[in-house]
Amino acid sequence: MKTLRGIAASRGIAIGPAFHFRRADLSFERYTTKDPAAEWARFQAALQTACEQLAEVYAQAEAESGAEQAAIFQAHALILEDPELLEAVQTAIEEQGLNAEAALSDAVEMYVQMLESLDDEYFSARAADVRDVAARLLRILLGVAESPAEGLTAPSIILARDLTPSDTVLLDKSLVLGFCTAEGGATSHTAILARGLGLPAVVGVGAEVLEIPDGALLVLDGDEGVLLVEPDEKTVEIHRRRQEKASALLAQAQKRAGEPAVTHDGHRVEVVANIGSVAEAEVALESGAEGVGLLRTEFLYMGRSSLPDEEEQYRVYRAITDQFGERPVILRTLDIGGDKELACLDLPREMNPFLGLRAIRLCLARPELFKPQLRAALRAGAGRNLKVMFPMVSTVDEVRAARAILEECRADLLAEGHAVAEEMEIGIMVEVPAAALLADRLASEVDFFSIGTNDLSQYTLAADRTNALVAPLADAFHPAVLRLVRDIITAAHAQGKWVGLCGELAGEPLAIPILLGLGLDEFSMNAPVIPLAKEIIRTLTLDQAREVAAATLELDSPEAVRALVRERLPAVGELADPNF
């Protein structure tokens, strides 16, 4: 048995044969064309075909994984419209006389080198997108069919150097047990897709994974970041028993998903969902969500050449609130910047975008961007339980300025004769240490807090969560982060305000007792985790949770925190099995 280690990208265990995802050979000859006009026309025809293919691929991806994952293909379509890229290809064809394949390859290589020279993981991922689009065009120009998954006829663990969004759409998901790649990080498309599908994934294993023969028996551990090659029968049986036990526990939790989350001693908390589309709202309700703790509105803006207008936003927000009826839906205003960029916004390039013009800062600086969204939210909230929260707040003045714009929008809508939400709760994301330390002052300005532990962790621990070299340091289980969570909740409760948490920590089984013990009122998480989270809460008493939470705050590492929860609460440790 051989053990290969990589980056744990998506939780779970898979057991099955290896299947190598092999791309077609896209080598071509360079030559000088005698008819540049005809060559340019050939390229334009390929461009049109690529656009048509991407429209089909987008529809398929949206149906399988939701709008948020599918948005990447809208971004790919925009690459095909990039004037600088197209001009470079046209110049190479018409002035240098190059054939279309060579002209495209040269233009793309120059574009990619520029992106990669920025030495930033986000721009490196965009470079991969450009290469993906170029490969699509080359396949069309060369007449090569998209069949890298030919031969995948039985459920298998997919092995590859790396997988692009286009690659993964070609796979029959019913035959995919998990993913393992030689390259990539926790934010790669493979990782994102695997989490969206609920499949285990290990990435960044190294070139050795490419030498595994097709059909070799594998055990993929997506929690530990390990791939076992040709394991012995005993090892396979151990992992299979874990799989079966996990499936049984999950089935039990699913049966009770619609019931409230109440501790043994009668303390109830809300368990709600993080969603990013109308389709995800349906999944959340099926999973037992009691509402929406985080409606990511960026999905309406991503991968398009123009901004959504007020009417489009209103229709989408209304469709989601209609599904939830009287249940609460918390709409987060546009959170762009950091690792999220909009093609339709001409924003300046920043050396450190995570500390730059993002989220509420951007919206306050661009009221023409902010007001249509607030107007749409106010209209969608009429007769519904819609709340609004502002992301990345760091000062009291930001909250006051945002609320003033909201009230201005309300007055304008009423003057225009629109129905609007009569009372709308206003909250903020607490994800910057300054906001955590000012929680007592900020609590008097808002109706609720929602803690964003993904950003709070990286800002508190000074570790970029998108940088594979330091991302493990940005661990929300760190006692420093947990102490901030405690202080935020204490400050809010002192003024009668409730607190939710919509970072990934809310759905971490081992974190749930800690957060419960710290007094968290609302747990917001990805929909598939909701049944398990409710089941964990039902195994606890509030006193148990408080004792464990207090003990974790006295520790000095995330590892010690996890170990203490497992030791003190073995039933929770069992439910926190990696398969979940």
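The values are calculated or read from the model by the stated rules, or taken from the named source; none is laboratory data. Keep in mind that what you see is a predicted model, and the values were worked out from it rather than measured. With ideal geometry, Cβ positions are generated from the backbone for all residues, glycine too; neighbour counts draw on all protein chains shown.
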Which numbered condition trips up Ile13, out of (1) over 21 Å from Ala160 (Cβ atoms); (2) assigned by TED's automatic domain parsing to the domain that holds Ala216? (1)
For segment 4-13, state whether one or more residues are buried (at least 19 other Cβ atoms within 10 Å of the Cβ) and either of a type in the set (Phe, Trp, Tyr) or over 30 Å from Leu228 (Cα atoms) (or both). no
Give me the strands (runs of 3 or more DSSP E) completely within segment 179-286, filtered to those with at least 2 residues that are of a type outside the set (A, V, I, L, M), ordered by residue number. 268-275
Which one of Lys497, Lys534 is farther than 24 Å from Pro391 by Cβ, among the basic types (Lys, Arg) and modelled with pLDDT of 95 or more? Lys534
Helices (runs of 4 or more DSSP H) wholly in segment 517-570 with at least 1 residues that are in the same structural domain as Arg195 (by TED's automatic domain parsing) and surrounded by fewer than 24 Cβ atoms within 10 Å (Cβ to Cβ) - which ones? none
Residues Val262, Val219, Val271, Val226: which one is β-branched (Val, Ile, Thr) and under 30 Å from Ala377 (Cβ atoms)? Val271
